[in-house]
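The values are calculated or read from the model by the stated rules, or taken from the named source; none is laboratory data. Just so we're clear, the structure is a prediction, and the values are computed from it rather than from any experiment. Glycine gets a Cβ as well: all are built from the backbone with ideal geometry, and neighbour counts include every protein chain shown.
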Amino acid sequence: MKRPRKDGGFPPAEMPVRTVHSGWLDLHLVELTGPDGATYERYVEDHGRAAAVLPYNPDTRMALLVTMPRAALRFMGGGDVLEAPAGLVDEGETPLESARRELVEEAGLEADTLEPAGAILSSPGISTERIDLFLAAYNDAQRTGAGGGLESENENITVVEMPLDALWALVESGEATDAKTRVLVQTLRIRRPDLFS
C-alpha cells in the first residue's frame, strides 16, 4: 500500500513512489514517464494543505500582516518578509477553520466573515502545497489579542498593521515578494477598489 499524501489522498496507483524522508514533511522520489516512453525521477515535497487570509479594515483602510523568521529565507541570506497570516490545515479541519485559527494565533484577530479568494499552488514543480485564500474584513473591536503565534511552535511573529495604499505600493514596486500575500492584495484591489487611492 502506498503512503498517503499529507492531505489524506494517495498518489496515482501507476506512479512508482519511494519515500526518502518522513516527518513534519515527507520527501518522495517519484518516477514519471514522458510522452516518448522514457522514465525519469523527480523529488516531491509533501507537507499538506494550507490556508492564508488577508485581514483588512474597510473603515481605516488598513491591513494586518505578519513577519517571522523563515529558515529558507535566512538560508538564502535574506531577511523577513511581510506575509498574510497563514498555516497548515490541521487534520479534521477545513481550510476556512484553519484560516480562522491562524488569524487568532498569528494576528490576535477574530473576524466575523471570511470571503473565499481562490487557491494557489505555491511551487508545483516540487511541492504538493495548495493554499486556500481568504479575505477578512475586520474592525478594531475584533482585535481581541496580541497575536504573535504559539510559543510552543517558536514562531516569534510580529504583527504589522499598515495602510492598504502602502501595501499596494510594495506590490507594485515588487518589494512584496510573498506569493500568497501578493495574490490576496491584488484580489482585494480588484474586488474593493474603493479601499485604495
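When residue 48 is evaluated against the numbered criteria (1) touching a helix residue (DSSP H, G or I) at 6+ places or on another chain (Cβ under 7 Å); (2) at positive phi, which criterion, by number, is the only one it fails?
(1)
Assigned by TED's automatic domain parsing to the domain that holds residue 99, touching a residue at least 60 places away in the same chain (Cβ under 8 Å), buried (at least 17 other Cβ atoms within 10 Å of the Cβ) and farther than 28 Å from residue 48 by Cβ, is that true of residue 135?
No, not satisfied.
Filter the stretch 37-59 down to residues that are touching a residue at least 24 places away in the same chain (Cβ under 8 Å) and β-branched (Val, Ile, Thr) and give me whichever is surrounded by the fewest Cβ atoms within 10 Å (Cβ to Cβ).
Taking the candidates together, the pick is 44.
Is at least one residue of the stretch 36-46 acidic (Asp, Glu), touching a Lys or Arg at 6+ places or on another chain (Cβ under 8 Å) and modelled with pLDDT of 90 or more?
Yes, that holds for at least one residue.
Under 7 Å by Cβ, and 6 or more places apart or on different chains, what pairs join a residue from the stretch 1-27 that is free of Cβ contacts under 8 Å to residues at least 40 places away in the same chain with one that is hydrophobic (A, V, I, L, M, F, W, C) and in a loop (DSSP other than H, G, I, E, B)?
Note: pairs meeting the criteria are 2/10; 4/10.
Could you tell me whether the stretch 26-36 includes any residue that is assigned to a loop (DSSP other than H, G, I, E, B), of a type in the set (D, E, K, R) and loosely packed, with under 12 Cβ neighbours inside 10 Å?
Taking the stretch 26-36 and keeping what is assigned to a loop (DSSP other than H, G, I, E, B), we get 34-36.
If we keep only those that are of a type in the set (D, E, K, R) too, we end up with 36.
Okay, now just the ones that are also loosely packed, with under 12 Cβ neighbours inside 10 Å, so 36.
Checked against the condition, which is being assigned to a loop (DSSP other than H, G, I, E, B), of a type in the set (D, E, K, R) and loosely packed, with under 12 Cβ neighbours inside 10 Å, the stretch 26-36 yields at least one hit.
Among 7, 90, which is the only one that is surrounded by fewer than 16 Cβ atoms within 10 Å (Cβ to Cβ), among the charged types (D, E, K, R) and in a loop (DSSP other than H, G, I, E, B)? Before the answer, list the steps.
Values: 7 fails: surrounded by fewer than 16 Cβ atoms within 10 Å (Cβ to Cβ).
Criteria check complete, one pass: 90.
Among (1) farther than 22 Å from residue 170 by Cα; (2) surrounded by 12 or more Cβ atoms within 10 Å (Cβ to Cβ); (3) in contact (Cβ under 8 Å) with a residue 24 or more places away in the chain, where does residue 106 come up short?
(1)
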